[in-house]
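What follows is a short report on a single structure.
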Amino acid sequence: MDPLIRLQEVRKTYAMPGGDVQALKGIDLEFHEGEFTSIVGTSGSGKSTLLYLLGLLTEPSDGVYWFRGRQTDVMDDLERSRLRGREIGFVFQSFHLVPQLDIERNVLLAARYAGAPGNGVPLERRATELLERVGLSHRFGHRPVELSNGEMQRVAIARALLTGPSLILADEPTGNLDEENGAHVFELLTSLSNDEGKTVIMVTHDMQLAEKSRRVVRLRNGEVIES
Amino acid sequence: MKLLVEAWQNLMLHKTRSGLAALGIIFGVASVICMLSISEVARQDVIGRMQRMGLNNVIVDSVKPERIRRRERQESDESWSARYGVTRTDLEILADNVPVVEAVVPMRVLFKDVVANLHVSDITVVGTTPGYADVMEHAVASGRFLSPVDGAKADPVCVLGHTAARELFPLQSPLGEVVKIGGIHFDVVGVMDRKGQTGSGGLLADPDRAAYVPFETSFARFGRMQVRLGQGTQEMTELEVNRAVLRVASSDQLLPVAQIAENLLERRHDQEDVAVTVPFELLSEHEKAERIFRWVMASLAAISLLVGGVGIMNIMLANMAERRSEIGLRRALGATRAEIVSLFVGESTVLCLLGGALGMAVGAALAQAIGALAQWEVVYQPLSFPFALGVSVLTGLAFGTLPAVKAARLDPVLALRVE
Ligand SMILES: Nc1ncnc2c1ncn2[C@@H]1O[C@H](COP(=O)(O)OP(=O)(O)OP(=O)(O)O)[C@@H](O)[C@H]1O
Ligand SMILES: [Mg+2]
């Protein structure tokens, strides 16, 4: 089966006043549909850079990135943005919820640009269903400030799922959570891959969680040293 | 449209900040609307007054020389007399020697009480000739105006202005009734139409509050002197004609006629006691001043909108900095750069639109308030409203674009990074 994602000789270089910073130095990787992968590595090894590159939020300086067989680096902003909105869901360490919106509207924001998934379920219902699914039905109408960190991260996961993406990218999703909440979020993410066949790629510093995942990619200094 | 609704919703999430941002635009637009209204009021007022003085007239006014004014102010225990101003001889000379003048109409103002059936009213008595009605374009409502026959016999007849008639005879028609002017009986032979204020330098500011008597009658019955009684003294001034109105056939003859009249009178008067004015000229002078005023207004408006716009831009930039993470998030959720631009431009446009609308309301209210205080009828420049709205939308677009483009250029990866 063709991989969902294929990277070939991907480099990312940042031009800095003190000289170029090579964040990624020639990455060759494949990720298959339904796979759960943890990316680990020391601070500054290029984990986030790789993740955002996979999420089409930043472009490689060199090399080729295929998503579902389509070469992404030749796409224009609109094509990349629509692909990102429909196919990719993000979960961040710091949640990035809009503080002025209640949790339902935070989830619904995901459809603002990508549109609704084509399964006929009304968006509002889908949003409440997703919030129920992450265990937040008792929090409807609340704003992010009224929630615990664990709850906020679960809102963010519901938001990432609204448009029915096939790829979930999570950058240290448990970084701001205590052990119990972290475990809960990790379980949610693994169930997405196990039960729904979504591809999940998670950057983490937590080696215990990483070891529980099926695949671990280890980076060092912008290079893959284990996959 | 959907964009504007979304922009409105976003603005409502930050009510205080949005309100503050719109404040500059509100004040800018309000001041423009208000000032345009005031200038329009002034313009219509001037035009109205000039038209009522007659645009095809040259006005020759008697001016009280400073010498006599000073004397009047002094408390003196001597009686004195003085004379100044346009005389009946002047009128004849003007009528005979100024070409293309169709009519010369004198106005002689008498300070006499006017009483009818015990009703006293604040009425100015004007001695004039039959030509007055035509020259001042003041029509008769009922009865007739003064006739040459009245003057020839120095008859005690009078014609009442609109307001004067109503106040002296609230219950009946004044025609055929008698009024007492300075103690002398006058028959009312006519009533004039409503005319409106002229405000022409204090002389007969309100033609509707006047009683017109034949010019000749005014001399025959009341004499040539105006007497002011002091403590045991008499101050007598002799003033034959307060104003002479020279009617010319067409407006391009106004200036030459005024010039000739001025030269003629200058030769006959060694003191500076006459003044020649051309209402038409005043009008065009006013229009010149008005044009300058408009430029000043326009620059003021531009400056205030510039300030308002810079305010909007500032707030939108601060807004953008504060919403970094939201911008990054929206990009992650699939927003293109163009969509980020339209998000912010939409917000600043809606802000300016609302600021403009509110500013128009505030400006209109302000103009009303000033109108109420100054007791004038408020007139708006109709075009000022769509103009103000258009300009505020343009301001929103112009000053909203820079912050919006900056927001769209933001690297989403940096925007999403926690500091
Ligand atoms: N926008 C940028 N401009 C310049 N250099 C950058 C930029 N983004 C990342 N880098 C550099 O690229 C390298 C990799 O950064 P990255 O954020 O991917 O590391 P990371 O593995 O996620 O680290 P951490 O575990 O601390 O999050 C670092 O040296 C970083 O300084
Ligand atoms: Mg990182």
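Annotations for the structure displayed:
For every residue, the table says whether it meets (1) within 16 Å of the chain's Cα centre (by Cα); (2) at the interface with chain B (Cβ under 10 Å from one of its Cβ atoms).
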position	(1), (2)
A:LEU50	yes, no
A:THR58	yes, yes
A:SER61	no, no
A:TRP66	no, no
A:SER81	yes, yes
A:PHE90	yes, yes
A:PHE95	yes, yes
A:ASP102	no, no
A:LEU109	no, yes
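- All positions within segment A:35-85 that are part of a loop (DSSP other than H, G, I, E, B), closer than 20 Å to B:ASP411 by Cβ and more than 16 Å from ligand 2 (Cβ to nearest atom): A:LEU56, A:GLU59, A:PRO60, A:SER61, A:THR72, A:ASP73, A:MET75, A:ASP76
- Residue ranges of strands (runs of 3 or more DSSP E) in segment A:113-227 with at least 3 members aliphatic (A, V, I, L, M): A:167-171, A:199-203, A:215-220
- Of all residues in segment A:18-34 being touching a residue at least 60 places away in the same chain (Cβ under 8 Å) and open to solvent by 70 Å² or more (accessible area, probe 1.4 Å), the one that is farthest from ligand 2 (Cβ to nearest atom): A:GLU33
- Looking across segment B:16-72, the residues that are part of a helix (DSSP H, G or I) and hydroxyl-bearing (Ser, Thr, Tyr) come down to B:THR16, B:SER18, B:SER31, B:SER37, B:SER39.
- Filter pass, B:PRO412 being within 16 Å of ligand 1 (Cβ to nearest atom) and either open to solvent by less than 80 Å² (accessible area, probe 1.4 Å) or away from every other protein chain (no Cβ under 14 Å) (or both): yes
- Residue within segment B:315-328 that is within 26 Å of A:ASP77 (Cα to Cα), among the polar types (S, T, N, Q) and at pLDDT below 90 present: yes
- Note on segment B:101-196: no enclosed helices (runs of 4 or more DSSP H) hold 3 or more residues that are among the small types (Gly, Ala, Ser).
- Residue within segment B:16-28 that is open to solvent by 40 Å² or more (accessible area, probe 1.4 Å) and within 13 Å of chain A (Cβ to nearest Cβ) present: yes
- Spans of helices (runs of 4 or more DSSP H) in segment B:303-419 with at least 3 residues within 16 Å of ligand 2 (Cβ to nearest atom) and either in contact (Cβ under 8 Å) with a residue 60 or more places away in the chain or not aliphatic (A, V, I, L, M) (or both): B:324-332, B:412-416
- Segment B:311-329, residues that are under 24 Å from A:LEU83 (Cβ atoms) and either among the polar types (S, T, N, Q) or open to solvent by 10 Å² or more (accessible area, probe 1.4 Å) (or both): B:ARG324, B:SER325, B:GLU326
- Tally, over segment A:132-181, of residues that are within 16 Å of ligand 2 (Cβ to nearest atom), among the polar types (S, T, N, Q) and in contact with a strand residue (DSSP E or B) (Cβ under 9 Å, 6 or more places away or on another chain): 1
- Of all residues in segment A:148-175, none that is on the phi > 0 side of the Ramachandran plot and within 16 Å of ligand 1 (Cβ to nearest atom) has its Cβ atom under 8 Å from the Cβ atom of a residue that is among the acidic types (Asp, Glu) and in a helix (DSSP H, G or I), 6 or more apart or on another chain.
The values are calculated or read from the model by the stated rules, or taken from the named source; none is laboratory data. Everything numeric in this text was worked out from a predicted model, so none of it was measured. Neighbour counts are summed over all protein chains in view; Cβ atoms, including those assigned to glycine, are modelled from backbone coordinates with ideal geometry. To get the accessible areas, we keep the full protein, side chains included, count just its heavy atoms, and leave off ligands, DNA and RNA. Shrake-Rupley method; radii C 1.70, N 1.55, O 1.52, S 1.80 Å.
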